Structures are given as structure tokens and as C-alpha cells.
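Enquirer: Shown below is the structure under consideration.
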Amino acid sequence: MKDRRDGASRESDVSIGAPRRLGIVGAGPVGTALAVAAARAGWPVTAFATRDTGRRAAFESLVPGALAVASPAEVAAHADVTFITVPDDEIAAVAAQIHADQDQVLAHTSGLLGSDVLRAVGSGHSGHSGQSGHSGHSGHSDGPALGAFHPLVSFTADVERSVAAMRGATAAIEGDDSAVDVLAALAVAIGAVPLRLPRGAKPIYHAAAVLASGGLIALLDAIATLGAAAGMSEAESLAVYGRLVEQTMANARATGIAPALTGPITRGDAGTLESHLAALRAVAPDVVEIYLAAARRELEITRERGALSPDQVSRVGDVLAKDRRPGTIYR
Ligand SMILES: NC(=O)c1ccc[n+]([C@@H]2O[C@H](COP(=O)([O-])OP(=O)(O)OC[C@H]3O[C@@H](n4cnc5c(N)ncnc54)[C@H](OP(=O)(O)O)[C@@H]3O)[C@@H](O)[C@H]2O)c1
């Protein structure tokens, strides 16, 4: 996988690479789906550890040939690549139980955390040799190559849905170069598209993902609240405004984000905004905050476009500022 030091790189030309033996610690939705996808792609899952007998039986039937072992350390003893697929808060503690050498890869699947959280690994990893500034790890170590592998997918207990969802999805990868190469090859093998992130970028990357998913749901909820006040059921709101959402998305893909912005703010129509805000305050006051947050961002985009005069921008800005409640801090 190419190393671009100037930022993230999304690759579709990663060489498939030789399959490695995988080990899985934690047979939850992510560990199980990843194991099933990898095994089907020809990457043998040789060992797994679970503390739960029900999950053990399910994993064994879904991934024939995988050996159930008692501890994270035993998983690593049987694998070239060990995935720690446990809750984020437990990853460091599990890593501390694992001893692995420099030919092995140790990875987790958190969206938020970087590979650094794995430095607790039992062999005293202090940086893997031969890494670039992209990963930031340098100096010699006899520990494993460390990596983070985050499929940008919502995993549920439905294993087949999760496996299918990984096909075509982004797998965000960060860590030591040699770990990144192996994890990128795995991503390609399971049909995902690897995205290499610079060191330290995981929290920002993850915040954007939460905005893309949870943020969109929050917006849809506000839209449906207004739809209800205008006499529409939720399904009707989704049909009516969902089409507009999809058209806007298509426009943003075609033209870029800023040129896709339309509406009263781009026209400097302060009167329309005043009417909206009066109606919201009267009928749906809990929607005012999200409306204003979006409107301020739209005004910023409009200002940067330079199509409105400074007077028009400040008239719109004044309407939006009027709704600042005492004690509320806005930037
Ligand atoms: N769910 C998602 O949509 C999603 C998406 C992308 C990435 N991720 C990330 O993938 C990782 C796993 O996610 P998940 O949803 O599969 O997690 P999860 O269901 O909360 O937990 C996964 C497994 O971790 C083990 N576990 C739980 N508590 C533990 C503890 N205290 N110590 C050791 N093991 C423990 C359990 O496995 P056993 O009982 O088998 O030991 C559990 O089934 C997390 O880092 C998460 O952030 C999740």
C-alpha cells in the first residue's frame, strides 16, 4: 500500500498478498463477521478465544477449523495476525496478555483508537523497525507490527448481513507499515476498500463517521418533526424529504460540497430565515438549535463563495445571531 505522508490514502490497487493465519480474541459481532469474511476469502482463521460457551459453539460452526483456545496469548501463538475484537476500553488490557514477535501483526478494530493502544503488548513493543513517518513508529523492536483496522460498517448479531456489509465498505487502517500492508491486503481480500489514515487521525476520522451516521439520523429526526407539524407521517416525510436528501447528495458528489449548497442563505434572503425561525419557535422549538447550527455553517460556505455582498452576509448573520440564547456559546 502506498505511503502518502500528506494525509489519508484510499487505495483500490493494493496487491492481494499471501493469506496469513488469523487469530481472533473476542467472538462478538465484529470478531465473528471478520473471521467469517476472512475464512471465505481464503485467509485461514486458525484460533479464537471467547469467554462464552454459546459464542464458542456459534463461532466453531461458522468458521470450521478454527481452534478454540483459552487465552489471548494462545491465539497469538497460533496466528500470524491477531485481531483483538473486544470493547475499546478492554483492548489495552487484552494486548498486555499477548506475547508476539516481530514477524507477527497485532491489530484491533476500534474506530476511535489508533494502533498505539496496543503498545501494552506483552513482548515490550517499543516501535517496529522500518516504519515511515506516516505511521510515526521508528526504532528497532522485537515486538509485533501494530495496526488498527476499522471496517466502516454497522455490525449486528446478524453475521451474514455484517459480512455482506463489509463488501465495498471502507476499512480504515493505521499503524506500522508492515501491519498496514497486511491489513490492506486482508481488506481487499474480503472486498473492502482500504483507507490508510495518518497517525493520530483516528478520533477525527471517527467523529466524522459519527456525524455521517448519527448526525444524519438527528437531522432526519428534526426533519420528520417538522414534517409531522405540517401533517405528514414519518414515512411521508422520508419519502418527501428523503428524495431531496438523495438529490443533494448526488449534487455534492457531482460538483463538490460547497457548490451543491442552495436555498435562502445562498440568496441572502434574511426575511425567509426570520419566517422560518418564528415558525419553529412557535411549533417546534426543539428544532431551532439544529436549524441554527446548520444555517451558520451554510452562511460560512456562502461567505467563502463570495457571491453575496458583505451587507447581505451580515444581515443573514444578524438574524441567526438573534436566536442566541443567553448563556449559549456560539463560535
Ligand atoms: N459493532 C460495530 O458496529 C463496530 C463497528 C466497527 C468497529 N467496532 C469495534 O470493534 C470492536 C468490537 O466490537 P463489537 O461490537 O464486536 O464489541 P462487543 O460486542 O461489545 O464485544 C465483543 C466481544 O468482546 C468480548 N469482551 C467483552 N467484554 C470484555 C472484557 N471485559 N474483556 C475481554 N473481552 C471482552 C466478548 O467476547 P467473548 O465473550 O467472546 O470473550 C464480546 O463478545 C470494538 O473495538 C468496536 O469499537 C464495532
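Enquirer: Do any helices (runs of 4 or more DSSP H) entirely within region 217-331 hold 2 or more residues that are under 30 Å from Ser154 (Cβ atoms), at pLDDT 95 or above and among the β-branched types (Val, Ile, Thr), and if so, which? Let's see the steps before the verdict.
Expert: Working: elements: 234-255, 264-267, 270-283, 288-305, 310-322.
In region 217-331, 234-255, 288-305 are the helices (runs of 4 or more DSSP H) which contain 2 or more residues that are under 30 Å from Ser154 (Cβ atoms), at pLDDT 95 or above and among the β-branched types (Val, Ile, Thr).
Enquirer: Find the residue count for region 155-205, including only residues that are in contact (Cβ under 8 Å) with a residue 12 or more places away in the chain, of a type in the set (Lys, Arg) and either within 14 Å of the ligand (Cβ to nearest atom) or farther than 24 Å from Leu118 by Cα (or both).
Expert: Number of matching residues: 2.
Enquirer: In region 180-216, what count of residues is obtained for those that are surrounded by 14 or more Cβ atoms within 10 Å (Cβ to Cβ), of a type outside the set (Phe, Trp, Tyr) and outside any loop (DSSP other than H, G, I, E, B)? Can you show your working first?
Expert: Keep residues of region 180-216 that are surrounded by 14 or more Cβ atoms within 10 Å (Cβ to Cβ), which gives 180-199, 201-202, 205-206, 209, 215.
Still in the running and of a type outside the set (Phe, Trp, Tyr): 180-199, 201-202, 206, 209, 215.
The next check asks that each one be outside any loop (DSSP other than H, G, I, E, B); those that pass are 180-189, 193-196, 202, 206, 209, 215.
Result for region 180-216: 18.
Enquirer: Name the single residue, out of those in region 38-63 being away from the ligand (no atom under 14 Å from the Cβ) and in a helix (DSSP H, G or I), that is surrounded by the most Cβ atoms within 10 Å (Cβ to Cβ).
Expert: Ala38
Enquirer: Tell me yes or no: at least one residue of region 226-237 is over 23 Å from Glu300 (Cβ atoms), out of contact with any helix residue (DSSP H, G or I) (no Cβ under 8 Å at 6 or more places or on another chain) and among the acidic types (Asp, Glu).
Expert: no
Enquirer: Could you list, in sequence order, all residues of region 72-93 that are β-branched (Val, Ile, Thr) and either more than 14 Å from the ligand (Cβ to nearest atom) or assigned to a loop (DSSP other than H, G, I, E, B) (or both)?
Expert: Filtering region 72-93 down to residues β-branched (Val, Ile, Thr) leaves 75, 81-82, 84-86, 91.
If the condition is that a residue be β-branched (Val, Ile, Thr) and either more than 14 Å from the ligand (Cβ to nearest atom) or assigned to a loop (DSSP other than H, G, I, E, B) (or both), then Val81, Thr85, Val86 are the ones that fit.
Enquirer: To continue, here is another question. List the pairs whose first member sits in region 295-316 and is free of Cβ contacts under 8 Å to residues at least 40 places away in the same chain, whose second member is loosely packed, with under 12 Cβ neighbours inside 10 Å, and whose Cβ atoms are under 9 Å apart, counting only residues at least 6 apart or on separate chains?
Expert: Arg296/Tyr330; Arg296/Arg331; Arg303/Pro310
Enquirer: If you don't mind, there's one more thing I want to ask. Would you point out which residue out of Arg199, Arg161 is more than 17 Å from Ala41 (Cβ to Cβ) and touching a strand residue (DSSP E or B) at 6+ places or on another chain (Cβ under 8 Å)? Spell out the reasoning first.
Expert: Working: Arg161 fails: touching a strand residue (DSSP E or B) at 6+ places or on another chain (Cβ under 8 Å).
Only one candidate qualifies: Arg199.
Enquirer: Please work out which one of (1) part of a loop (DSSP other than H, G, I, E, B); (2) of a type in the set (A, V, I, L, M); (3) modelled with pLDDT of 85 or more; (4) in contact with a helix residue (DSSP H, G or I) (Cβ under 7 Å, 6 or more places away or on another chain) is the condition Ile16 fails and give its number.
Expert: Condition not satisfied by Ile16: (3).
Enquirer: Determine which member of the set Ala66, Ala96 is assigned by TED's automatic domain parsing to the domain that holds Gly28, within 13 Å of the ligand (Cβ to nearest atom) and within 25 Å of Val153 (Cα to Cα). It would help to see each step written out before you state the result.
Expert: Values: Ala96 fails: within 25 Å of Val153 (Cα to Cα).
Answer to the check: Ala66.
Enquirer: Now a separate question. Which condition does His108 not pass, out of (1) at pLDDT 95 or above; (2) buried (at least 17 other Cβ atoms within 10 Å of the Cβ); (3) away from the ligand (no atom under 12 Å from the Cβ), if it passes all the others?
Expert: Exception for His108: condition (3).
Enquirer: Which numbered condition trips up Ala95, out of (1) closer than 23 Å to Ala172 by Cα; (2) aliphatic (A, V, I, L, M); (3) surrounded by fewer than 23 Cβ atoms within 10 Å (Cβ to Cβ)?
Expert: Tallying (1) closer than 23 Å to Ala172 by Cα; (2) aliphatic (A, V, I, L, M); (3) surrounded by fewer than 23 Cβ atoms within 10 Å (Cβ to Cβ), Ala95 fails exactly one: (3).
Enquirer: Now for a different question. Can we say Ala33 is away from the ligand (no atom under 11 Å from the Cβ) and crowded, with 17+ Cβ neighbours inside 10 Å?
Expert: Numbers: away from the ligand (no atom under 11 Å from the Cβ): no; crowded, with 17+ Cβ neighbours inside 10 Å: yes.
No; evaluated as a whole, the condition is false for this residue.
Enquirer: I would also like to ask the following. What pairs can you find where one residue is in region 10-23 and within 17 Å of Pro151 (Cα to Cα), the other is surrounded by 10 or more Cβ atoms within 10 Å (Cβ to Cβ) and modelled with pLDDT under 95, and their Cβ atoms are less than 8 Å apart, with a gap of 6+ or different chains?
Expert: Close Cβ pairs satisfying both conditions: Glu11/Met1; Glu11/Lys2; Val14/Met1.
The values are calculated or read from the model by the stated rules, or taken from the named source; none is laboratory data. Keep in mind the model is a prediction, meaning the values are calculated, not measured. Reconstructed Cβ throughout: ideal geometry from the backbone, glycine too, with neighbour counts over all protein chains shown.
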